[in-house]
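Working notes, structure below.
The values are calculated or read from the model by the stated rules, or taken from the named source; none is laboratory data. Since the structure is predicted, the reported quantities are computational estimates derived from the model, not experimental observations. Neighbour counts are summed over all protein chains in view; Cβ atoms, including those assigned to glycine, are modelled from backbone coordinates with ideal geometry.
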Amino acid sequence: MNLPFFISNKITKKSEGTFSQTIHKVAITSIAIGMISLLLSFMILGGFKKTISEKIYSFGGQLLITQFTQSSSFENASFLLSDTLIRVLEAEPYITRFQSFALKAGLLKTKEEVQGIIFKGIDIDFDTSSFQSNLVKGRFPSLSDDAYSLEVMLSSRIADYLKLDTGDEVLVYFVQNPPRFRNLQVSGIYQTGLEDFDDKIILGDLSLIRRLNDWEDERVGGVEVFIDNNIAIGKAHSMLYKNMAADLYVENIEEKYVQLFDWLALLNRNVYIFLALILLVASFSMVSILLILIMERTQMIGLLKSFGATNQMIRRIFITSGTQLLIKGLVWGNIIAIGLGFLQYHYRWIPLDPDNYYMSYVPIDFNLAIILGVNLLTFVLVALSLFIPISMINRIQAIDAIRFD
């Protein structure tokens, strides 16, 4: 039998209804609250990073290939989507797919309002499934190889401003010399919550831009590249840079929308600062509680020493007791945190202002590696802090401890 473990359990059972039991509950509660705070913080941070990244990637992939130019215009210079470039893209193992696009500045005009927009032309290779979560109403424009589509998808902000709905027709003026216009029908409405997209971008047929610009069928304004693993973005970027034509430029989408990813990085740093503070408070709490337990059990320590117990064995008793409290706190903290996260994930009962946070509810991401990592780090650091108070056991003399009251 493990004697320190046996004595520790006896102490716990004998503590029922005493001051020690209150101390035990305080210890478990403080650890549980700290764990709830940490896990929910990482779940929410992970949810923000995942949701915003998916919104951006669904709109433009992780890498963007365009014609190298000094112009700062919204419209991309065209280039030929050649068989050579396609082979380069298909040869890269990290690239799951790619899709062509082009941009063209224009104006939407109704009887009452005028709105400046960027017409994003998409082709039949556009993956509607990854964009489906942004679809609010209606459907994607119908695209085909035979003729260009006269349908367009608007953002909810643009649709609300112009008082348009699915099925309505809108006049689009394209900025060029001479100006051209088309009467298009609204097939759907999307919402990402990101101002860079919702304020100005509408989705339509790439073939329409080709027709307006007198491009060949193989010409595009750019290629959006999707990577299966974000860790491999750097490798794919380097490979494309080496193997593409010299007049093409490959850009990481994080560089294009740097303000959003900088905001996520700031949140990330704040959460790690919060992690350090919570661990410090939890460790201090356990040190204080174990000191109180040792002082309350001073007579017991004296008796054990008088019976021949070594300092090491007595230390193991209190380490076992402290570890049991720590584990109980971690278990309860995990149950409550994961339960609250599950409720928020499914029912979205905590709302957010999309104008400030880019989404209408608090997002949750269950990352098993992070959950296990936070638990392991908390257990190790708080368990190590238990060795600080038990050092006073060495200074307790048996005769003095027995007389202690």
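Quick look at the values:
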| quantity | calculated |
| --- | --- |
| Strands (runs of 3 or more DSSP E) lying entirely in region 194-265 (those with 3 or more residues that are crowded, with 19+ Cβ neighbours inside 10 Å, in contact with a strand residue (DSSP E or B) (Cβ under 6 Å, 6 or more places away or on another chain) and touching a residue at least 24 places away in the same chain (Cβ under 8 Å)) | 201-205, 222-227 |
| Selection status of G193, touching a Leu at 6+ places or on another chain (Cβ under 6 Å), within 20 Å of I56 (Cα to Cα) and of a type in the set (G, A, S) | no |
| Odd one out for G308 among (1) in a helix (DSSP H, G or I); (2) modelled with pLDDT under 85 | (1) |
| Evaluation of I158 against (1) within 13 Å of Q115 (Cβ to Cβ); (2) surrounded by fewer than 18 Cβ atoms within 10 Å (Cβ to Cβ) (one fails), failing number | (2) |
| Boolean, L164 is buried (at least 18 other Cβ atoms within 10 Å of the Cβ) and within 18 Å of S187 (Cβ to Cβ) | yes |
| Residues of region 160-188 satisfying the condition of being assigned to a strand (DSSP E or B) and within 20 Å of L103 (Cβ to Cβ) | V170, L171, V172, Y173, F174, R180, F181, R182, L184, V186, S187, G188 |
| Residue satisfying condition, being aliphatic (A, V, I, L, M) and surrounded by fewer than 20 Cβ atoms within 10 Å (Cβ to Cβ), within set V152, V186, V175 | V175 |
| Residues located in region 125-144, provided they are without any contact (Cβ under 8 Å) to a residue 40 or more places away in the chain and over 30 Å from the mean Cα position of the chain (by Cα) | S144 |
| Any pair with Cβ under 6 angstrom, 6 or more apart, that starts in region 300-322 at a residue that is on the phi > 0 side of the Ramachandran plot and ends at one that is at pLDDT 70 or above and surrounded by fewer than 18 Cβ atoms within 10 Å (Cβ to Cβ) | none |
